[in-house]
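These notes concern the structure reproduced below.
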Amino acid sequence: MQIEQAPNGAAARQDMLANLPVRKLLWKLSLPAMAGMVTMSLYNVVDTIFIGRGVGSLAIAGVTIAFPIMMVMMALGMMVGIGSASVVSRSLGAGKTASAQRALGNAVGLSLGLGLVIMAVGVPSSEALLRLFGTSPAVMPYAKEYMDVILWGAAFSLYPMAINNLARAEGNARVAMHNMMLGAILNVILDPIFIFALHMGVRGAAIATVISQLVTSVYVTRYFLAGKSTVRLTLDSIRPDWRVASEILAVGFPSFVRMGAASIIVLIINRTLGLYGGDISIAAFGIVNRAMMFVAMPLIAIGQGLQPILGFSYGSGRFDRAYDVTKYALVTASLCSVGAFLILILLPQPIMTVFTGDAALIAEGAHAGRLSFIAFFLVGFQIVGSTVFQALGKVVKTLVTSTARQIVFFIPLVLVLPRYFQTDGVWLAQPAADVLSFIVVLVMLVPQLREFKRRSVRPYPYHEVLDRADVP
């Protein structure tokens, strides 16, 4: 087999993916992703604090109501990013740099194109969508002010989210970390300027977000144009290639379904809480949801660190490394989720007081947090286990493990339980879905680990690796 040569300065990253001890390599790729994602998530927390302290609880409810639309945008960005990252890491593992380069170019075109479609469809229909989401008259002005600005900048939301994954896929997690931290820090700086100094309220928060996303878009584009990356962005690589694009969308589609389902769930939760608890319960959910996203970011980062290692190892037939790194990632993520579980269960009220001084909102949010997080210690295993099948390009298994929690379990639970337990039914649906989806991931992952172990006993011819892994 003839291996295509990587550009100057990039060979060391491929050697690192192939030969560095997997535990050290996992932390080398996970820690930058973790730092960047925690910083980004911290921005969401600080953003909510600014809105809650500067505008009020109705403004928090307005942003929470608008969140399903933002989650659809995030889902599209992650679909392109995770799908293309899988193609890139397996292509580099197989020594096919040109295939990886085509995946980068098509990811750029897909993310920008989908962002423009969201803008064109969403801006004229934002108020109708918000009414569909059950927005009350008191909350509507805040939700619409925020959502309109976010929709105008949709392309800048999807693009860096998608392309950051490709920097990680080639082994350069620091670029993605720096980009996320740049956007988060800039957003934290701009938020008080627009919200307080310029008296723009929630509209100011949205403007700060879009400006930050524009800057991160420029940063990540510059990296792939500068010649320092293994995979370079060229005009030729952007040319649409349906074979490459279809593989990106197929591998990334389970992520879209999972996050799209999460958007539907947030919509259902908002409407259910509006029915049983009112705007104060919606605001409480907004805070609890941001706290959950914040503590989940390190777990997602471990999965992102695992993906290029596992994809490269599987693509190159190193099943021993695939087994070792998967097992280590599962244990590490599980320990992290236990630590997060203890913090969330023991300190719900102090967490709420950071966001608001409203006594009723603090009490509702603390109660919601205690119920929502009682099975969070299982989430680390679930997140990393689902990532395994994405890294391997196994579409059906990825779809099952990625969507079990949101679609198969959570949606029915959140529709049924509130009829018997009112708002408590909403909070209890989350841990119930976590337990059930953990069982699904466990049952599907154990045979995959056994396969890694069995195939690591003796080397397989490279053509068999290609057949089984479907390397481009």
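Just so it is clear, none of the values below were taken in a lab; they were calculated from the coordinates. Bear in mind the structure is a predicted one, so any value in this text is a computation, not a measurement. Please note: Cβ atoms are built from the backbone with ideal geometry, for glycine as well, and neighbour counts cover all protein chains shown.
Listing Ser99, Ser136 from fewest to most neighbouring C-beta atoms within 10 Å gives Ser136, Ser99. Each label point was placed 7 Å from the Cα along the Cα-to-Cβ direction; for Leu335 and Leu235 their separation is 5.2 nm. Counting neighbouring Cβ atoms within 10 Å and putting the fewest first, the residues Tyr223, Tyr146, Tyr159 line up as Tyr223, Tyr159, Tyr146. Multiplying the residue separation of Trp152 and Met293 by 0.36 nm and subtracting their alpha-carbon distance yields 48.3 nm. Model label points for Val354 and Tyr276, set 7 angstrom from Cα along the Cα-to-Cβ axis, are 2.7 nm apart. With R₀ fixed at 41 Å, the C-beta to C-beta distance from Glu127 to Val446 puts the FRET efficiency at about 0.25. Note on Arg454 and Asn19: with the Förster distance fixed at 25 Å, the Cβ-Cβ geometry gives a FRET efficiency of about 0.60.
Once both labels are positioned 7 Å from their Cα atoms along Cα-to-Cβ, the gap between Leu249 and Ala120 label points is 1.5 nm.
The fewest-to-most ranking of Lys144, Lys28 by surrounding Cβ atoms within 10 Å reads Lys28, Lys144. What the phi angles of region 252-263 give under the Karplus curve with 6.51, -1.76 and 1.60, with θ = phi - 60°, is a coupling list of x, 4, x, 5, 5, 4, 4, 6, x, 5, 4, 5 Hz, glycine and proline written as x. Entry note, region 20-458: relative contact order of 25 percent, from Cα contacts under 8 Å with a spacing of 6+ residues.
Applying the Karplus relation 6.51 cos²θ - 1.76 cosθ + 1.60 with θ = phi - 60° to region 424-430 yields 3J(HN,Hα) values of 4, x, 5, 5, 6, 4, 5 Hz, where x marks Gly and Pro. A Förster radius of 51 Å combined with the Cβ-Cβ distance from Ala197 to Tyr420 puts the calculated FRET efficiency at roughly 0.60.
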